[in-house]
Amino acid sequence: MINISEVMETNKMIEREHLDVRTITMGISLLDCADADLNECCRKIHDKIYRLANNLVHTGDEIARQFGIPIVNKRISITPVSIVGSSCCKSSDDYVTICRTLDQVAQEVGVNFIGGFSAIVSKGMTRNDEMLIRAIPKALAQTERICASVVVGSTKTGINMDAVSLMGEVIKATARETSDRDSLGCAKLVVLCNAPDDNPFMAGAFHGVSEAEAVINVGVSGPGVVKHALQQMDERGLANFETLCETIKRTAFKITRVGQLVAQEAAKRLHVPFGIIDLSLAPTPAIGDSVADILKCIGVEQPGAPGTTAALALLNDQVKKGGVMASSYVGGLSGAFIPVSEDQGMIDAVEAGALAIEKLEAMTCVCSVGLDMIAIPGNTSAHTIAGIIADESAIGMVNQKTTAVRVIPVVGKSVGDTVEFGGLLGHAPVMAVNPFACSRFVSRTGRIPAPIHSFKN
Amino acid sequence: MNNQRAIITVVGKDTIGIIAKVCTYLADSGINILDISQTIVQDFFNMMMIVDFSKTDKEFDQIADELDVVGANTGVQIKCQLEDIFDKMHRI
């Protein structure tokens with residue numbers, strides 16, 4: 001039987017260490033909503049999402065109350081819209097119309113985001129893929145709760161450099177369209193390489209075509225819990241790596257078990273099968289809920305100091321090792337997130353001059369997911385952004401992992417300024433970008449071939 | 001409620017009659033107590049009860065709300081959570 005110290009430990013994690021379930025994301029297939037008529041397609045999309053997800057928020061809140069664990073977000077991911085709209089959309093504006101329908105139904109069912117205004121173009125773009133991509137700036141400017149993502153490469157296909165180059169322009173255009181809101185649109189737009197089909201975390205969530213009709217995916221969190229466990233561990237003196245790894249693993253196990261419980265309950269109550277648990281440590285701007293703080297506990301003065309990449313690699317691996325045993329199905333991104341604006345410790349490191357984009361890029365080699373929520377000067381060129389995307393995609397492609405870029409070229413801001421996004425998106429200092437050009441490189445058309453899968457020395 | 005077990009935790013400054021008040025409420029609501037443990041840490045009262053909801057006709061939310069009121073009247077914080085969350089976290 002459960003004893004009092006175990007109960008107190010769990011409740012301490014929830015009350016003082018920010019343990020929460022970050023998101024319950026319902027994946028919904030919209031493949032059967034395709035129609036030759038745009039209005040009919042929109043109606044079908046609206047009705048299907050409403051029918052399946054109308055109880056999502058209520059059920060999430062009920063589980064949170066009964067188990068006493070906060071469930072921060074209730075969200076939806078959908079089949080990439082470029083596919084759903086391919087028979088009815090004749091122009092980018094048609095895709096914007098679908099996006100507005102999605103925004104409306106998101107509001108009606110009460111979720112804060114729907115992810116899946118997406119196109120998967122890792123090898124080539126169809127006409128419709130391109131229309132959707134070109135619709136993104138307008139679509140994100142005219143809606144509130146929609147997240148867009150574009151998959152530009154994979155280990156199996158290589159990198160579609162035409163799409164990379166186009167995304168440089170699209171990110172700039174999105175920043176311009178939302179310039180009155182500190183270019184907020186770009187915070188809802190992510191460019192991915194090797195994107196998983198079952199990721200519950202925004203902005204890169206979509207319901208892949210390999211998925212079932214509907215599933216429940218859950219993203220757990222708890223950087224604060226790991227941090228406290230490490231602090232406690234070191235109270236008895238500087239622990240060795242074995243103890244360090246063991247502590248992270250144990251904590252990750254406990255955190256993930258809560259996620260597994262919530263996922264199973266949600267699946268049961270919503271009559272939708274359980275998909276996966278995403279083991280990512282996702283920070284929030286709240287003090288103490290920070291991956292950067294864990295790195296500091298492991299022993300670097302600031303994230304960015306030498307040793308940071310190794311510390312992060314260790315953290316990421318131990319979280320997976322602990323989490324994998326706690327859940328039957330693990331998927332999504334599963335790793336430590338290192339967004340800048342959403343993590344107070346990362347913001348501090350940037351402001352202290354400890355952390356630059358180049359070091360962040362190195363860190364993305366060993367963790368999920370990529371250059372995330374980084375504000376860059378508004379005058380950064382589309383070519384330079386395309387170069388950043390190409391670099392990050394190459395890391396993902398070669399290392400067979402998911403990588404992503406979510407940068408915000410904030411119109412009218414330059415290095416030294418700060419941008420306020422509000423809520424979970426936090427605030428960010430504008431970071432310097434390498435000023436040298438890569439125009440000739442990204443202007444070449446075609447694609448970078450897939451890497452060789454043998455001779456791995 | 002169907003056959004479900006919950007954990008009630010009571011935390012606050014120690015005063016006379018905390019257990020009595022909580023138990024009276026549970027008895028009046030038809031909730032069976034299966035186990036109680038209690039400690040005092042630096043003048044702070046910590047109690048945990050494992051209870052069985054199967055005989056009560058009250059809904060979980062109502063019980064949680066009413067326990068809040070009992071807690072407020074006694075100057076302690078009372079939380080009610082389904083047992084599964086602790087079981088899952090601490091047992092393999």
### Task
Could you please state, rounded to a whole Å, how far the C-alpha centre of the range A:199-264 is from the C-alpha centre of the range B:13-92?
29 Å
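Compute for the range A:366-450: radius of gyration divided by Kirkwood radius, i.e. Rg/Rh, restricted to C-alpha atoms, rounded to two decimals. Present the calculation step by step, with values, prior to reporting the outcome.
Working: Rg = 14.1 Å, Rh = 14.1 Å.
Checking Rg against Rh, the ratio lands at 1.01.
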### Query
Can you pull the Rg over Rh of the range A:156-243, Cα-only, Kirkwood?
1.16
### Task
Take every Cα pair under 8 Å in chain A that's 6+ residues apart, average their separations, divide by the length, and report that relative contact order as a whole percent.
17 percent
### Summary
Per the charge dipole of chain A (beta-carbon charges, Lys/Arg positive, Asp/Glu negative, Cα centre), the residue among A:PHE206, A:PRO306, A:PRO339 reaching farthest to the positive end is A:PHE206
### Task
Quickly estimate the mean residue ellipticity at 222 nm for chain A, helices only: each DSSP H run with n ≥ 4 gives -39500 (n - 2.57), and the total goes over all residues, rounded to 500.
-14000 deg cm²/dmol
### Message
Within 10 Å, at most 11 other Cβ atoms, and a DSSP state outside H, G, I, E, B define an exposed site. Report the longest part of chain A free of exposed chymotrypsin sites (Phe, Trp or Tyr not before Pro).
### Response
A:1-435
### Message
If you average the C-alpha positions of the range A:20-54 and of the range A:270-310 separately, how far apart do those two centres end up, in angstrom?
### Response
31 Å
### Message
Along the charge dipole of chain A, pointing to its positive end and built from +1/-1 on Cβ of Lys, Arg, Asp and Glu, which listed residue (A:ALA390, A:THR284, A:SER122) has its Cα farthest out?
### Response
A:SER122
## Note on the structure
A correct fewest-to-most ranking of A:ASP234, A:ASP343 by other Cβ atoms within 10 Å would be A:ASP234, A:ASP343
### Message
How large is the Kirkwood hydrodynamic radius of the protein assembly as shown, counting all unique pairs of alpha carbons, in Å?
### Response
24.4 Å
### Message
With equal scatterers on the alpha carbons only and no solvent term, can you work out the Debye log10 of I(q)/I(0) for the range B:5-90 at 0.11, 0.17, 0.26 1/Å?
### Response
-0.27, -0.66, -1.44
### Task
Report, by chain and number, residues whose modeled amide H sits under 5 Å from the one on A:ILE408, excluding near sequence neighbours (fewer than 5 apart, same chain).
A:ILE374, A:ALA375, A:ILE376
### log₁₀ of I(q)/I(0) at q = 0.09, 0.18, 0.20, 0.21 Å⁻¹ - the range A:1-158, Debye sum with one point per alpha carbon
-0.38, -1.01, -1.16, -1.25
#### Entry: Cα centre as origin, Lys/Arg/Asp/Glu Cβ charges: chain A dipole, Debye
740 debye
### Footprinting exposure proxy for A:HIS207, A:HIS271, A:HIS228, A:HIS58 (fewest neighbouring C-beta atoms within 10 Å first)
A:HIS271, A:HIS58, A:HIS228, A:HIS207
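Rounded to the nearest 20 debye, what is the charge dipole size of the range A:338-457 about its Cα centre when +1 sits on each Lys and Arg Cβ and -1 on each Asp and Glu Cβ? Write down the numbers at each step before the final one.
Details: 8 positive and 11 negative charges, 143 e Å.
In total the dipole reaches around 680 debye.
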### Dipole axis of the range A:11-109 (+1 Lys, Arg; -1 Asp, Glu on Cβ), positive-most option in A:VAL96, A:LEU31, A:HIS18
A:HIS18
### Message
Residues of the range B:21-48 with backbone nitrogen within less than 13 Å of a virtual label 7 Å along the Cα-to-Cβ line of B:GLN62, please, listed as ranges.
### Response
B:29-31
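Readers should treat all values here as calculations from the given coordinates under stated rules, not as data from a laboratory. Worth saying up front: this structure is predicted, and the values here are computed from it rather than measured. Ideal geometry is used to build each Cβ from the backbone, glycine not excepted, and the neighbour counts take in all protein chains shown.
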